[in-house]
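Heads up: the structure comes next, in structure tokens.
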Amino acid sequence: MKNLADPVPPLAERPTCVRHLVLAALCFIAAVGYIQRNSAGGAETTIRADLHVMRDDTGNAMGVFFLPYALCQVPSGWLAQRWGGRRALTIYAAGWSLMMALTAAATNLPVLIGARGLMGAFQAGIFPCSTMILASWYPATRRGFTSAMLNSFMLIGSVIASWLTAQLIGPLGWRWLFLLYAVPGLAWAVWFAVWFRNRPQEHPAVNAAELALISSDENVPKKSTVPSSVPWLAIFLSMSLWLICLQQFCRAGALRFFDMWLPTYLQEARGQSVMMANYWTSLPLLAGVLGGPLGGLLSDFVLMRTHSRRAARQGVTIGSIVIALIFYGLAFQVADVRGAMLLASLGVCIWTFSSPCAYALAMDVSGRNLGVIFATMNMAGNLGAWAFTTFLPRLVDGKNWDYALLVFAAMHVLAIVCWLLLNPNGTIGERAETVSCPKSES
């Protein structure tokens, strides 16, 4: 036990906190990205009326974001590995923010679809870049928590989009509101290019104590470990990768019900106004903000106690999705909107335990090819998002959403099956290795 009389270490020996500022910067831009991408959901009925189009048309416009977003995941991850996170993420953030401004200027459906598609292409790089950066700036025993924080700020962005859209779409209109949403991303890109460094060793504010803490386990990527070529065939023939991608397809696709279509569902099936529908939509998303860090902490705790990825990543995920499905089933049987949204919010809170587990597992099993492998997983997730967002309105019969809700539930069940079959050990594209749990960060 430490003696209270022992001298306090001098300030120079204490680790600096630059890694936490890096995490904060990534969380901020994740929130900004989600504000921009999800703003169309809260304004869907307003845009539909202004452009004189049908619900299927706005479904295409909202869904088109996810197709180039998905297809550009692997190229953007590969470019991030080649360029480094600093250069790549600066270009991506500036690009998607400019496309948000172009969305605000759209006067017809083709321009709206084109701007949303280009925004998706630029945003494809945000999470491959972010996971590469987190893997370099944090030890393995903090990957669950840091991934959870990133995931929570995605949902914070969705919550902010719902709140701001509810408050400002009336006085500003959707065009000026969307233009306002473009500004923070442009400002962040300029700041990030000046301040950030790809490796902790290159940042002038990082001291030796923080470097030692970051390098406290052998999984931190070193500059010399970046391969000159990617073993594409070995990666894409991996059954683990296919299962990881399929579960991500289902989970990310189903989540789009809450941030893209819940406002419309509440208006058409539950009789809510545009303002109240946006307010109610923010509740389950806000619950997810709480659930993500809790799930990340739980997964990291189980990993440190059991030294088992199967328990920490797989077990936590399966349990969270099963419990969430129970709450969802109860929510959509309750006639009262307030009760239904409280139950749905509990479901989303528990469901988001699965997100940091999936992100952390991708970092655990990717070895030297994290940019490409995570991008592949995220590509699959956003193909699911595109499919669900685009085809959900075609499942709605008038104001009857029953078929859409059944598909929503089925996607969760398929995700559970994938996690049951998944082997969370070894390294994708390389010979399987024995899993060990490094010492925790102090």
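The values are calculated or read from the model by the stated rules, or taken from the named source; none is laboratory data. Source: prediction; values computed, not measured. With ideal geometry, Cβ positions are generated from the backbone for all residues, glycine too; neighbour counts draw on all protein chains shown.
Listed values, structure above:
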| quantity | calculated |
| --- | --- |
| Single residue of the range 94-147 satisfying the filter (aromatic (Phe, Trp, Tyr) and in a helix (DSSP H, G or I)) that is farthest from Val194 (Cα to Cα) | Phe145 |
| Residues being surrounded by fewer than 24 Cβ atoms within 10 Å (Cβ to Cβ) and of a type in the set (Gly, Ala, Ser) - total across the range 140-162 | 1 |
| Close pairs from the range 256-285: first within 16 Å of Leu392 (Cβ to Cβ), partner among the basic types (Lys, Arg) and surrounded by fewer than 22 Cβ atoms within 10 Å (Cβ to Cβ), Cβ under 7 Å, at least 6 apart | Glu268/Lys399; Ala269/Lys399 |
| Residue match in the range 352-365 (condition: β-branched (Val, Ile, Thr) and under 16 Å from Leu266 (Cβ atoms)) | no |
| Candidates Val18, Val32, filtered to the one that is at pLDDT 80 or above, in contact with an Asp or Glu (Cβ under 7 Å, 6 or more places away or on another chain) and β-branched (Val, Ile, Thr) | Val18 |
| Count of the range 364-412 residues which are more than 24 Å from Ala344 (Cα to Cα) and of a type in the set (Asp, Glu) | 1 |
| Thr165 being buried (at least 24 other Cβ atoms within 10 Å of the Cβ), out of contact with any Lys or Arg (no Cβ under 8 Å at 6 or more places or on another chain) and under 20 Å from Trp261 (Cβ atoms) | yes |
| Complete set of residues in the range 110-139 that are touching a residue at least 40 places away in the same chain (Cβ under 8 Å), under 21 Å from Leu71 (Cβ atoms) and surrounded by fewer than 24 Cβ atoms within 10 Å (Cβ to Cβ) | Ile113, Gly117, Leu118, Ala121 |
| Test for Gly367: is it farther than 22 Å from Cys250 by Cβ and buried (at least 18 other Cβ atoms within 10 Å of the Cβ) | yes |
| The range 397-410, subset free of Cβ contacts under 8 Å to residues at least 60 places away in the same chain and surrounded by 13 or more Cβ atoms within 10 Å (Cβ to Cβ), residue nearest to Glu268 (Cα to Cα) | Tyr403 |
| Residue within the range 282-302 that is charged (D, E, K, R) and either under 30 Å from Gln36 (Cα atoms) or in contact with a strand residue (DSSP E or B) (Cβ under 7 Å, 6 or more places away or on another chain) (or both) present | no |
